[in-house]
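Enquirer: One structure is given below, represented as structure tokens, and several questions about it will come after.
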Amino acid sequence: MNQRAVVTGGAGFLGSHLCDALLAEGWKVVVVDNLLTGRRSNIAHLAHEPRFEFVEKDICEPFDVGKVDYVFHFACPASPVDYGTHGVETLKVGSLGTFHALDVARKYGAKYFISSTSECYGDPLEHPQKETYWGHVNPIGPRSVYDEAKRFSEAVTMAYRRYYKVDTRIVRIFNTYGPRMQLNDGRVVPNFMKQAIRGEDLTVYGDGSQTRSFCYVSDEIDGFMRLSRSDEALPVNIGNPDEFTILECAKIVLKVVGSKSQIRYEPLPQDDPKQRQPDISKARQLLGWEPKIALETGLRLSLDYFKKAVAEEVVTTR
Ligand SMILES: NC(=O)c1ccc[n+]([C@@H]2O[C@H](COP(=O)([O-])OP(=O)(O)OC[C@H]3O[C@@H](n4cnc5c(N)ncnc54)[C@H](O)[C@@H]3O)[C@@H](O)[C@H]2O)c1
């Protein structure tokens, strides 16, 4: 195979795992990333891979890396801490960056795949969330820089499909965890793992009864690869439907780490969704996909990474 793909945001958590999967399937891969929230260390293992290139660039400016057969658009701050810090950059990469990624696909007649999010559903009134649900989103709250950027990028993607016949796909990603996540990105799994490894109290916001579903990264990437090979144009949820309260998750982390840390309760942040669980019947039927890795197993698979990250304080070495 001599196909070439560009991955925007390929130095990030998910983008770098996607690069590994594409390279394993024989693709040539070029990453375009400005390292806003990504890290060179995520792609350091690819430095001597002849089929891999890295271009440090902000995709809010037009970019052209030569002929490509597939555009995977993953660039976007993704964690509450990151889009809280980089709110305007998040809106820009979701809007300008998405136009530029689509322009590359249009220019070269390449297929196009965008990483969207369960945040499109906001604080959902429908549970679990099907792709047909339009969401319950606060357009002016603190999370809106991310939620609306992603909803807009889905709209642009569908417009390029309708008006310019670009061959597009949209994945709605639910909480994913695993090696290469940033330690201090404010998400539940790295927070709990870091606190448990350090022997600190685990911080639970609210009473801990709000639920989340957590998908291990290898399952998530398998879902992306299957969707990328399909012809489905409308959004597809990829996530793990096993639902845990935050408190249950905290207890599993304590077990996996073997920690005696206690749980400390803090007030719930504004617009924190109370429930989030994907309905994955579409992915099951269309792609024959479903997650295989249970939360406890995935946390065990991630433990060495988090221990190393805690030891090295990965967050300070971007
Ligand atoms: N991780 C999850 O659980 C999750 C859930 C839903 C959606 N997503 C989506 O998946 C994608 C990747 O998320 P992630 O968790 O890997 O986040 P990440 O922060 O690790 O990766 C994002 C990457 O995009 C790069 N980037 C940001 N702005 C850029 C710009 N203007 N130009 C070039 N590069 C830029 C960053 O430097 C980083 O490497 C995002 O689009 C995110 O919205 C992730």
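Enquirer: With 10 angstrom as the radius, rank ILE140, ILE252 by how many other C-beta atoms surround their C-beta, starting from the fewest.
Expert: ILE140, ILE252
Enquirer: Now for a different question. Give the Cα extents of the stretch 162-244 along the principal axes, in whole Å, largest first.
Expert: 53, 26, 23
Enquirer: Right, next: Pull up all non-local amide H partners of VAL30: gap of 5 or more, or a different chain, and H-to-H distance under 5 Å with H placed in the peptide plane.
Expert: ALA5, VAL6, VAL7, GLU53
Enquirer: For the stretch 246-251, in order, what is each residue's ³J(HN,Hα) by Karplus, 6.51 cos²θ - 1.76 cosθ + 1.60 with θ = phi - 60°, in whole Hz (x at glycine and Pro)?
Expert: Along the stretch 246-251, the couplings run 4, 5, 4, 4, 4, 5 Hz.
Enquirer: Which lysines does LYS130 reach when only Cα atoms under 22 Å apart count, and residues fewer than 8 places away in its own chain are ignored?
Expert: Excluding near neighbours in sequence, the set is LYS150, LYS274, LYS282, LYS292.
Enquirer: Mind checking the stretch 156-233 for trypsin sites (Lys or Arg not before Pro) that DSSP puts in a loop (not H, G, I, E or B) and that have at most 11 other Cβ atoms within 10 Å?
Expert: LYS165
Enquirer: Enter the Cα centre distance for the pair the stretch 155-196 and the stretch 263-283, rounded to the nearest angstrom.
Expert: Cα centroid to Cα centroid, the span is 15 Å.
Enquirer: Follow-up. Sort MET181, MET225 so that the residue with the fewest other Cβ atoms within 10 Å of its own Cβ comes first and the one with the most comes last.
Expert: Going from least to most buried by this count: MET225, MET181.
Enquirer: First select every other residue whose beta carbon is under 11 angstrom from the beta carbon of ASP279; then total the charges, Lys and Arg +1, Asp and Glu -1.
Expert: With Lys, Arg at +1 and Asp, Glu at -1, the net is +2.
Enquirer: A further question follows. Please check which bits of the stretch 60-84 a label hung off ASN2 would reach, taking the label as a point 7 Å along Cα-to-C-beta and the cut-off as backbone N under 16 Å.
Expert: Residues 67-70 qualify, since their backbone N sits under 16 Å from the label point.
Enquirer: Under the rule a/c < 1.5 gives rounded, and otherwise a/b versus b/c splits prolate from oblate, where does the chain land using the Cα gyration tensor?
Expert: prolate
Enquirer: Provide the per-residue ³J(HN,Hα) series for the stretch 59-71, in order, calculated from phi with Karplus coefficients 6.51, -1.76, 1.60 and θ = phi - 60°, each as a whole number of Hz, with x at glycine and proline positions.
Expert: Computed from phi, the couplings for the stretch 59-71 are 7, 6, 9, x, 9, 8, 10, x, 5, 10, 9, 8, 10 Hz.
Enquirer: Quote the FRET efficiency, to the nearest 0.05, computed for ARG264 versus ILE140 with a Förster distance R0 of 30 Å and r equal to the Cβ-Cβ distance.
Expert: Using R0 = 30 Å, I get an efficiency of 0.45.
Enquirer: What number, in percent, do you get for the relative contact order of the chain if the mean sequence gap of Cα pairs under 8 Å and at least 6 apart is divided by its residue count?
Expert: 18 percent
Enquirer: At 4 °C and 1.567 mPa s, what whole-number value in µm²/s does Stokes-Einstein give for the translational diffusion of the stretch 171-318, with Rh from the Kirkwood sum over Cα pairs?
Expert: Using the Kirkwood radius from Cα pairs, D works out to 81 µm²/s.
Enquirer: 5 Å is the cut-off here: which amide hydrogens, built 1.01 Å from N in the peptide plane, fall below it relative to VAL204, excluding neighbours closer than 5 in sequence?
Expert: Under 5 Å from the amide H of VAL204: ARG264, TYR265, GLU266.
Enquirer: A further question on this structure: I'd like the FRET efficiency for ARG198 and THR132, computed as 1/(1 + (r/R0)^6) with the beta carbon distance as r and R0 of 51 Å, rounded to 0.05.
Expert: With R0 = 51 Å, the Cβ-Cβ based efficiency is 0.75.
Enquirer: For THR132, THR117, THR203, what ranking results if the residue with the fewest other Cβ atoms within 10 Å of its Cβ goes first?
Expert: Starting with the residue having the fewest Cβ neighbours, the order is THR132, THR203, THR117.
Enquirer: Between ALA155 and THR85, how many nm apart are label points set 7 Å from Cα along the C-beta direction?
Expert: Using points 7 Å along Cα→Cβ, the separation is 2.9 nm.
Enquirer: Show the residues, 5+ positions off or on another chain, whose built amide H is closer than 5 Å to the amide H of THR117.
Expert: ILE173
Enquirer: If you don't mind, another one. Using the alpha carbon gyration tensor of the stretch 142-210, what are the three equivalent-ellipsoid semi-axes (square root of 5 times each eigenvalue), largest first, in whole Å?
Expert: The three semi-axes for the stretch 142-210 are 36, 14, 9 Å.
Enquirer: Is the stretch 20-76 best put as rounded, prolate or oblate by its Cα gyration tensor, with a ≥ b ≥ c the root eigenvalues, rounded for a/c under 1.5, and otherwise prolate when a/b is larger than b/c, oblate when not?
Expert: Note, shape of the stretch 20-76 comes out oblate.
Enquirer: Tell me, what is the FRET efficiency for ASP167 and GLU313 to the nearest 0.05, using R0 = 45 angstrom and their Cβ-Cβ distance as r?
Expert: The formula returns an efficiency of 0.55 here.
Enquirer: Under a crude label model (7 Å from the Cα following the beta-carbon direction), how far is ALA294 from ASP272 in nanometres?
Expert: Those two pseudo-labels are separated by 2.7 nm.
Here, each number is a calculation from the coordinates, and none is a lab measurement. Remember, it's a predicted structure, so these values are computed and weren't measured experimentally. When we count neighbours, we look across all protein chains shown, and the Cβ atoms used for this are built from the backbone with ideal geometry, even at glycine.
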